[in-house]
Amino acid sequence: GREVRVAAVDLGATSGRVMVGTVALAAGPGGVDRLELEEVHRFPNAAVRAGDGLFWDVLALHREVVRGLLLAARGGRLDAVGIDSWAVDHGLLDRDGLLLGNPFSHRDKRTDGVAAQVATVVGPAEQYAVNGLAALPFNTVYQLVAARGTAALESAETLLLLPDLLGYWLTGAVGAERTNASTTGLLDIAAGEWATALASRLDLPWSILPPLREPGDVLGALLPEVAAEVGVPEGGLPVVAVASHDTASAVVAVPAAGDDPGGDVAYLSSGTWSLLGLELDAPVLTEDARTAGFTNEGGLDGTVRFLRNVMGLWVLSESLRTWEAAGVPGTDLPTLLAGAADPARATPLHTVVDIDDPRLLPPGDMPSRIAAIAAEAGEPVPGTPVEVVRAVLDSLALAYRRTLHEAVRLAGRDPAVLHVVGGGTRNTLLCQLTADACGLPVVAGPAEAAALGNVLVQARALGLDLPDRAAMRGLVARTHELLRYEPAAGLDWAAAAERLAGAGRPVEVG
Ligand code: ADP
Ligand code: LRH
């Protein structure tokens, strides 16, 4: 079969990578499918505190993207490029097409209290009926409300989500890819159009929202200067819109083929954030779903990602950063995870906390915050880094348990396994705890699901016969090694869940 070679740019909140994907479908019976990823460039990413704000260094990201494309193009002819990144965050362009300031991180504190303030203008139930989104404090709509009256918003002509901003710098084309647009809070999920009425009621300039584009649309070719930097002929390399929300791309590559005969796909996209839920054909917009904190994001081909955000491995990576800064010895990830797996060094389910406590959202000293949250809830305060790590992993697994059970109840589905994808699949202890806590087998892998989903949508846009998600997922399942974790008995997860429920947490905003 025909072979395509594409570059997938996948930007995570803690690292960015440029991967070369090679795809070829078996020409006939006995033929062999290929779906290969080669990492050509990886770079750390982190928000930067400057003055009062927490920002993304988006020019550095652009530079690393160009550098990655150069390395990818050196290795052979490229057929296309696609970009996905974390959702919600965005840049504003002025009328000359120049970026107005640095894009804020969604962890910046300027949105504190904004969702509650907006709820007094447009009720949470009404917002949910329009956009289907959990009222997370950092949704783009709340970031924009926080920016009302600022010089930047007042002079803004165009809002671009981060993958669209980077795509603009590559091609000069503006637009808003639909899966990522669905995370803004300003997309009307029933109409599939920008929710201009909602924006007006919140005094937001809806004219800054650019035309929507679909995954698979071609933005254009690299601008001549960029083509020269990357070392490809002018007009030679098309940029393709993919499912540009990283979670949308990751869910495209969930290898749910064969093991889910009922077709109910439950997944945990495990990276800086943990996103756990189900793929559905239609949103669940019930009051129950809303108050349980579930969101309905847009996926490839009109699907819905019905899921909840769980605070994720962010808590772990920020803890590591804190210990490293303080020079605490023995706090590299492999050492800590080995310790946390040893019951002699950290008693399982000894300390459990609400890992979604909003105090864990901003950057900072996670071990101290966890100690405070544990003390408040009457839980033992972890004493050593290994105990902190164990508490974080047990608490994550408990949050997964609750979220999976709620998703299944709210959507009336019955998945046979939980697929875990993303960097978190490399944490074997967490995979096992997830299976144990959820009482469901975990199928772990691929770790680079977002990049694979990015590659698959490009391959389809280039004409490969990948008509639907089943075809894409079958290809991933046939070409990737997956690890299966059976739930083990032994720990009393139900009792730990009771302990947590006792501590109580309001999910609802406003
Ligand atoms: P993002 O795309 O949000 O930046 P990733 O999907 O790359 O996140 O996942 C990053 C996380 O994966 C890290 O924070 C870390 O906890 C986990 N991880 C990555 N590699 C390993 C490893 N070798 N062992 C255990 N955990 C790992
Ligand atoms: C994961 C993710 C998630 C969003 C968050 C802002 O990287 O895209 O789906 O909720 O970042």
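How would you order 206-218, 413-425, 447-459 from highest to lowest mean count of nearby Cβ atoms within 10 Å?
Packing order, densest peptide first, comes out as 447-459, 413-425, 206-218.
Footprinting exposure proxy ranking of 200, 317, 270, fewest other C-beta atoms within 10 angstrom first, gives 200, 317, 270. Debye-formula intensities of the chain, expressed as log10 I(q)/I(0) at q = 0.05, 0.07, 0.09, 0.11 Å⁻¹, are -0.18, -0.36, -0.61, -0.93 (one equal scatterer per alpha-carbon, no solvent). May I ask you to derive the FRET efficiency for residue 59 and residue 207 from their Cβ-Cβ distance with R0 = 30 Å, giving the value to the nearest 0.05? Computed FRET efficiency for residue 59 and residue 207 comes out at 0.70. Any chance you could run the full-extension gain for residue 347 through residue 376? It's 0.36 nm times the residue separation minus the Cα-Cα distance, nm to one decimal. Computed gain between residue 347 and residue 376 is 8.4 nm. With Cα atoms defining each centre, the range 390-420 and the range 157-176 are spaced 35 Å apart in the structure. Assuming charge only on the beta carbon of Lys and Arg (+1) and of Asp and Glu (-1), the dipole of the range 395-449 about its Cα centre is about 100 debye to the nearest 20. Length gained on full extension, residue 27 to residue 42: 2.1 nm, using 0.36 nm per residue less the C-alpha separation.
For the pair residue 96 and residue 150, a Förster radius of 22 Å applied to the C-beta separation gives a FRET efficiency near 0.75, rounded to the nearest 0.05. Here is how the number arises for the chain: DSSP H runs of 4 or more residues each give -39500 (n - 2.57), the sum is divided by the residue count, and the result at 222 nm is -10500 deg cm²/dmol. Summarising the label geometry, the points placed 7 Å from Cα in the beta-carbon direction at residue 291 and residue 324 lie 4.3 nm from one another.
Once you order the gyration tensor axes a ≥ b ≥ c over the Cα atoms, which shape class does the range 115-202 get: rounded for a/c under 1.5, otherwise prolate or oblate by comparing a/b with b/c?
oblate
If R0 equals 30 Å, the separation of the Cβ atoms of residue 67 and residue 2 corresponds to a calculated FRET efficiency of about 0.55. Membrane-span-like helices in the chain (whole DSSP H runs, Cα extent of at least 30 Å along the helix axis, mean Kyte-Doolittle hydropathy of at least -1.0): 385-411. Annotation for residue 121 and residue 465: the two label points, set 7 Å from Cα along the Cα-Cβ direction, are 5.3 nm apart.
Where a number appears in this text, it was derived from the coordinates with a stated rule and is not lab data. No experiment lies behind these values; they were computed from the predicted model shown. Methodologically, a virtual Cβ is constructed for each residue, glycine included, from the backbone with ideal geometry; neighbour enumeration extends over all protein chains shown.
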